[in-house]
Structures are given as C-alpha cells and as structure tokens.
1. Name the residues in segment 54-75 that are charged (D, E, K, R) and away from the ligand (no atom under 15 Å from the Cβ), would you?
2. When segment 56-81 is examined, which residues are found to be in a loop (DSSP other than H, G, I, E, B) and either under 16 Å from residue 33 (Cα atoms) or touching a helix residue (DSSP H, G or I) at 6+ places or on another chain (Cβ under 9 Å) (or both)?
3. Within segment 7-41, count every residue that is touching a strand residue (DSSP E or B) at 6+ places or on another chain (Cβ under 7 Å), part of a loop (DSSP other than H, G, I, E, B) and open to solvent by less than 50 Å² (accessible area, probe 1.4 Å).
4. For residues that are open to solvent by less than 60 Å² (accessible area, probe 1.4 Å) and not in a loop (DSSP other than H, G, I, E, B), scanning just segment 84-117, find the one that is nearest to the ligand (Cβ to nearest atom).
5. Report, ordered by the first and then the second residue, all pairs with beta carbons closer than 6 Å, sequence separation of six or more or different chains, a first member in segment 80-91 that is at pLDDT 95 or above, and a second member that is more than 12 Å from the ligand (Cβ to nearest atom) and open to solvent by 100 Å² or more (accessible area, probe 1.4 Å).
6. Could you count how many residues in segment 50-78 are surrounded by 13 or more Cβ atoms within 10 Å (Cβ to Cβ) and under 13 Å from residue 118 (Cβ atoms)?
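The values are calculated or read from the model by the stated rules, or taken from the named source; none is laboratory data. Quantities reported herein were computed from a predicted structural model and do not represent experimental measurements. So basically every Cβ, Gly included, is an ideal-geometry build from the backbone, and we count neighbours across all protein chains shown. For the accessible areas, the whole protein counts, side chains as well, though only heavy atoms, and no ligand, DNA or RNA atoms are used. Shrake-Rupley method; radii C 1.70, N 1.55, O 1.52, S 1.80 Å.
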Amino acid sequence: FSEVRIEGLETLDYLDNLSQRERHTEQGDAITFESEVDRVYVSSPNVIAVLDHEKKRTFVIRKDGLPDTVVWNPWEKKAKTMADFGDEEYKQTLCVDAAAAERPITLRPGEEWTGRLELSAVPSTNCSDHLDQPGIM
Ligand SMILES: O=P(O)(O)OC[C@H]1O[C@@H](O)[C@H](O)[C@@H](O)[C@@H]1O
C-alpha cells in the first residue's frame, strides 16, 4: 500500500477533515499513504492519476464540473469502528473522489447541473507517459 501514490494534487490547498477542515497546502511531490487521511483538495485539476507501483497499474481519474477531489483512507483504528468497512480493508482501499465539497452546488427550481467522473485503468507504473496519448485522454 505504501507503494501507491497520487499525482495531480501536489502543491494544492486542502481542507483537512481530520481537523475541523483546517486549510493546509500540500508539500509533497506526490501523495503517499502511511496513516489516516481525509482531505478535500480544492480546485484540483481535471485529470488525476493513482499509481500502484506494486501491481503495475495506474488509475486515471477524469472529472468535469466537480472542482474538488476528496482523498480518504480510514486506516487501521477507524476501520475497526466502521460497521460497513472490514478491519483489514484499509490496506486495499484508497478513495479518490471528485466532489463539490468546498462550495456545494445549489440549484433553484428548474435549474440543471451536470458533473462527470470517469475512471480508467492503464497497465503501467508511469502515468505521465500515457496521459498525453490521445487514445487514453
Ligand atoms: O461512511 P461513509 O458515509 O460511506 O463515508 C466514508 C468516508 O467517505 C469519504 O469520502 C469522506 O471524505 C469521509 O469523511 C467519510 O468518512
């Protein structure tokens, strides 16, 4: 699991759901995991990659109309308190989710809104080689 990292959220501001949505700025080159995380990366790019080095695959997430990206893993202690989440499942789970979290979307009667999320898996460890290929975009 420590071999999974996210590309596309570096240097962004995030709201930390683990501390009253306090605002921080991401410092890492790419985001990696070794403890509980629950963050809203605000105004994130529309293409984000989750690289799984061990399984040699990359998930590419494309979004539209959804400004933010939530990154969540309950880790060991919280997983045990969750009825619908197995005690060991945090080792195989990473939630990377497009959202309108910082500014929720409000519709008046008759108004429309469209959001889109596309998830694709690419057999690779290096997504930046692939993101430019027209067939994959
Ligand atoms: O328990 P639920 O409602 O399915 O949500 C699971 C998690 O989903 C994540 O998207 C949220 O950021 C977390 O705060 C939340 O705990």
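1. Applying the first criterion (charged (D, E, K, R)) to segment 54-75 yields 54-57, 62-64, 68.
Correct list: 54, 55, 56, 57, 62, 64.
2. If we filter segment 56-81 for residues that are in a loop (DSSP other than H, G, I, E, B), which is where we start, we get 56, 65-67, 74.
Of everything in segment 56-81, just one residue is in a loop (DSSP other than H, G, I, E, B) and either under 16 Å from residue 33 (Cα atoms) or touching a helix residue (DSSP H, G or I) at 6+ places or on another chain (Cβ under 9 Å) (or both), namely 74.
3. 6
4. So in segment 84-117, the residues open to solvent by less than 60 Å² (accessible area, probe 1.4 Å) come out as 85-86, 90, 93-96, 98-102, 115.
Filter once more, keeping what is not in a loop (DSSP other than H, G, I, E, B): 90, 95-96, 98-99.
Numbers: 90: 12, 95: 5, 96: 9, 98: 11, 99: 8 Å.
The residue in question is 95.
5. Here the result reads 87/80, each pair linking segment 80-91 to a residue that is more than 12 Å from the ligand (Cβ to nearest atom) and open to solvent by 100 Å² or more (accessible area, probe 1.4 Å).
6. 7
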